[in-house]
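Take a look at the structure below.
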Amino acid sequence: MESSKKTRLNLPAGMETNLRLEPVPSINFTPPPKITSPSKTTYSDRFIPCRSSSRLQNFNLVDKPSPKKEGSNEAYLRLLRAEMFGTESCTGSPCSPVSPSKIFRYKTEHPSPASPLAGLGSGQDLGSNGLGEVSTPTKAPRKIPKTPHKVLDAPSLQDDFYLNLVDWSSQNLLAVGLGTSVYLWSASTSKVTKLCDLGSRDGVCAVQWTREGSYLAIGTGRGEVQIWDSTKCKKIRNFSGHQTRAGVLAWSSCILSSGSRDKNILQHDIRVPADFISQFAGHRSEVCGLKWSHDDRELASGGNDNQLLVWNQRSTQQPILRLTEHTAAVKAIAWSPHQHGLLASGGGTADRCIRFWNTANGKILNSIDTGSQVCNLAWCKNANELVSTHGYSQNQIMVWKYPSMAKLATLTGHSYRVLYLATSPDGQTIVTGAGDETLRFWNIFPTAKTSVRFYFLSYLLLLFLLLLFCKDFNENCTILHLDR
């Protein structure tokens, strides 16, 4: 044993006899006592509480066998337990059956009406695939100013239901018939120009701009229809043919239609020397409403005989539609710019209704009782909305959402019937006129929305042009380098 120990030390010669190794006494180390935990828990770098081992009784979140207390504090605790932990933590209390998995999750089932918070943040069921989506908040309604932003005096503006004395051109000029004269007001510069005076033996009954906005048609009390150049303040044409006043006018691209108290509608073409090229005879009383469709294919006419007629250029003898549901004079007529063949019409005092028609089959789509005489209708070109002006008995202006016909605003200010209506070229502002001899300007319609598709196509076109430019530039640089 000793020889084997010496060989293990590998001592130099001569030191083996001098070195004496003492045995080291053994030390017994007692291991630390093992501490046993009631449950094995794995910890990480975040503290995530485990509700199964939490002492909820310390926070007063578990019911105790103590008697119940009626009050707002106990109701709040019951509601909090129901929404956070579900029914299992609500033993003995009337909690709602709300699953704890509903928190921060798309809801695929219909919420229980028993839970006060069941509908918050939940989506609608989309079908059997079980996929749901979070419901977006309801868009707040657009705020429409209740007062006009501008009021102009209009002396001698007549209070006559059958006249049409206000129109707004595409060049931002407002034409107004006041007594025997026609005045032009520039919305850009507020400059007023007197266009003409018909004299003491005549009077202005209707004004209507061409779509380009350069020429103005004027219907007179003697049955004439005059065409004026607004830039030169010069009359360029005079049409006859009506026996009495021409109270309503309507332009298509090149045809001017005029309606009269003589019950007839005349078609005038400024390209031919004749006074009129055709005549529509279908009304049994004065014609007071006329509007061409946006594609110039159909002409709608309304009369004091309570009829709404629809014509085309081939139906010179009979209208293609005869709509007789109105029970009063039909002056208010408007074609929708958003849907082909959609026509809106409004009736007078005994009718008070706005009706919507499908001119493709002649069927009525909807009817709304407005409560007062409908004097004018106009669609918004920027949104699917329309405005109506009214007479007896409330003299109000109403803005509607189509097709729901939800009332967006009711505007008041005129003390007489709101007989005249025109829309600005940008489609956002309307002007109304009444027998109180005022013109009021209202901002009621939204701005035009440029579609995302338009921006995307514009971006692609710009990128394409940039690539062509870079290609030509590189080719020119290469040719220049070769020449050198």
Of these, GLY221, GLY199, which one is under 19 Å from GLY259 (Cα atoms) and either under 33 Å from the mean Cα position of the chain (by Cα) or not acidic (Asp, Glu) (or both)? GLY221
Among the residues of the range 316-340, write down those that are open to solvent by less than 50 Å² (accessible area, probe 1.4 Å) and under 21 Å from the mean Cα position of the chain (by Cα). ALA334, TRP335, SER336
Which listed residue, of ASN238, ASN304, ASN264, is within 37 Å of the chain's Cα centre (by Cα) and surrounded by fewer than 24 Cβ atoms within 10 Å (Cβ to Cβ): ASN304
Find the residue count for the range 157-171, including only residues that are closer than 12 Å to VAL204 by Cβ and either touching a Pro at 6+ places or on another chain (Cβ under 7 Å) or small (Gly, Ala, Ser) (or both). 0
Checking LEU343 against (1) outside any loop (DSSP other than H, G, I, E, B); (2) in contact with a Gly (Cβ under 9 Å, 6 or more places away or on another chain); (3) under 15 Å from ILE368 (Cα atoms), which test does it fail? (2)
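Being more than 17 Å from LEU377 (Cα to Cα) and either charged (D, E, K, R) or crowded, with 21+ Cβ neighbours inside 10 Å (or both) is the filter here, so list the residues in the range 277-301 that pass it.
Once the filter is applied, which keeps residues that are more than 17 Å from LEU377 (Cα to Cα) and either charged (D, E, K, R) or crowded, with 21+ Cβ neighbours inside 10 Å (or both), the range 277-301 yields PHE280, HIS283, ARG284, GLU286, ASP295, ASP296, ARG297, GLU298.
The values are calculated or read from the model by the stated rules, or taken from the named source; none is laboratory data. Remember, it's a predicted structure, so these values are computed and weren't measured experimentally. Note that each Cβ is placed from the backbone with ideal geometry, even for glycine, and that neighbours are counted across all protein chains shown. To get the accessible areas, we keep the full protein, side chains included, count just its heavy atoms, and leave off ligands, DNA and RNA. Shrake-Rupley method; radii C 1.70, N 1.55, O 1.52, S 1.80 Å.
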